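Remarks on the structure that follows.
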Amino acid sequence: MAEHQLPERQSPLEPEYHPGSHGNFEHGVDVILSETRPGSILQLAAWPGEEKRLIEAIRKVTGLGLPDGAGGGVSNGVRAAFGFAPGKFTVVDEAEGLAAAFAGAITPAIGTLTDLSHGRTPIRIAGPKAEWVMAKFFAIDFALPAFPLGAGRSTNHHDIFAQIQRSGADQFDIYVFRSFARSFWKALCHASEEVGYEVH
Amino acid sequence: MLITCPYCGPRDVIEFTYQGDGNRKRPQPASQDLDAWNAYVYDRLNPAGDHNEIWQHSGGCRAHLRVVRNTLTHEILSTAFARGGHKTESRS
């Protein structure tokens, strides 16, 4: 049998994705923008009262232990998970095929699994001015005590819905709809010009 | 105006959608009681003060909320999930 070949996924940002330094970078680059391109992005939702079993299923399949509490999350650089709504979680893996790994773990009695790998575009913003640029976009508190490492937030920027995970002390991963990703990316580039940005 | 979502914490009102009066009692779908249906569709308390309302955090976690808002001052007196079941610790 021929080996199954997955087609290479095309980035929606491509026409506007220009690696290099941009904006006001003469005095240094204060944010780095990139597209993380994970293989799997899943949305898991628990029926009311089944949240603990869903969190346990996430731990079994990914090895990620989600902390208690609203918006709790964890990221290990390869896999990431965070709560974005009551009983709902986003789970991300660099590798493809995470939906298949979950297929037996999320039974119909626990909840549902939606594969959004092709439906969301994750954009990463990192650097000393990442909080500053994010604060221009979203009306939420990005300070570390209010938005701890690994935690997730649901919010929006001019009706572009965004799920944000803090994946580092000065690093955020923003999950936006694929169809809005290029527009959002352009806006993010414009917002980063004043601090000097680099696209990786 | 800030509304404290029980899941997301305090957020700007722009993230929320008003879903209507929270005092209405929907008759059973098979009910033939026209007065009850009329009251459900048209009758509103319209108080000048505290008012039970249903809101949705449509620009955030998308949860439906029970909100008590003062119609004179816009003060939000309380927020809670419209549906029980999801026991989530608030961040606020």
| said: Tell me whether region B:30-52 contains one or more residues that are closer than 30 Å to residue A:162 by Cβ and away from every other protein chain (no Cβ under 14 Å). | reply: no
| query | Can you tell me which residue in region B:62-74 is farthest from the chain's Cα centre (by Cα), limited to those that are of a type in the set (Val, Ile, Thr) and either more than 28 Å from residue A:163 (Cα to Cα) or part of a loop (DSSP other than H, G, I, E, B) (or both)? | reply | B:73
| task | Answer yes or no: is there a residue in region A:76-98 that is away from chain B (no Cβ under 14 Å), crowded, with 22+ Cβ neighbours inside 10 Å and not in a strand (DSSP E or B). | result | yes
| said: If residue A:65 satisfies all but one of (1) assigned to a loop (DSSP other than H, G, I, E, B); (2) without any contact (Cβ under 8 Å) to a residue 40 or more places away in the chain; (3) within 14 Å of chain B (Cβ to nearest Cβ), what's the number of the condition it fails? | reply: (3)
| said: residue A:49 - would you say it is within 12 Å of chain B (Cβ to nearest Cβ) and in contact with a Ser or Thr (Cβ under 9 Å, 6 or more places away or on another chain)? | reply: no
| query | Any idea how many residues of region B:55-70 are away from chain A (no Cβ under 14 Å) and crowded, with 17+ Cβ neighbours inside 10 Å? | reply | 3
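In the list A:114, A:121, which residue meets the criterion of being assigned to a strand (DSSP E or B) and either surrounded by fewer than 19 Cβ atoms within 10 Å (Cβ to Cβ) or within 14 Å of chain B (Cβ to nearest Cβ) (or both)?
It is A:114.
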| remark: Residue hits (region A:151-200; part of a loop (DSSP other than H, G, I, E, B), at pLDDT 95 or above and within 14 Å of chain B (Cβ to nearest Cβ)) are A:151
| Can you tell me which residues in region A:21-65 are crowded, with 20+ Cβ neighbours inside 10 Å, in contact with a His (Cβ under 8 Å, 6 or more places away or on another chain) and not assigned by TED's automatic domain parsing to the domain that holds residue A:81? | A:33
| message | For the structure I just gave you, tell me whether residue B:81 is touching a Pro at 6+ places or on another chain (Cβ under 6 Å) and within 14 Å of another protein chain (Cβ to nearest Cβ). | response | yes
| query | Name the pairs whose Cβ atoms lie under 6 Å apart, with the first residue in region A:137-157 and of a type in the set (A, V, I, L, M), the second outside any loop (DSSP other than H, G, I, E, B), and 6 or more positions between them or separate chains? | reply | A:139/B:12; A:140/A:153; A:140/A:155; A:149/A:166; A:151/A:73; A:151/A:166
| Going by the conditions given, is residue B:52 loosely packed, with under 14 Cβ neighbours inside 10 Å, under 16 Å from the mean Cα position of the chain (by Cα) and touching a residue at least 24 places away in the same chain (Cβ under 8 Å)? | no
| Residues that are in contact with a strand residue (DSSP E or B) (Cβ under 9 Å, 6 or more places away or on another chain), among the polar types (S, T, N, Q) and either surrounded by fewer than 14 Cβ atoms within 10 Å (Cβ to Cβ) or within 14 Å of chain A (Cβ to nearest Cβ) (or both), drawn from region B:1-29 | B:4, B:17, B:23
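Residues are listed down the side, and each one gets a yes or a no for (1) farther than 30 Å from residue A:175 by Cα; (2) polar (S, T, N, Q); (3) part of a loop (DSSP other than H, G, I, E, B):
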position	(1), (2), (3)
B:4	no, yes, no
B:27	yes, no, yes
B:51	yes, no, no
B:54	no, no, no
B:60	no, no, yes
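The values are calculated or read from the model by the stated rules, or taken from the named source; none is laboratory data. These numbers were taken from a predicted model, which means no experiment stands behind them. We place every Cβ from the backbone using ideal geometry, glycine too, and count neighbours over all the protein chains shown.
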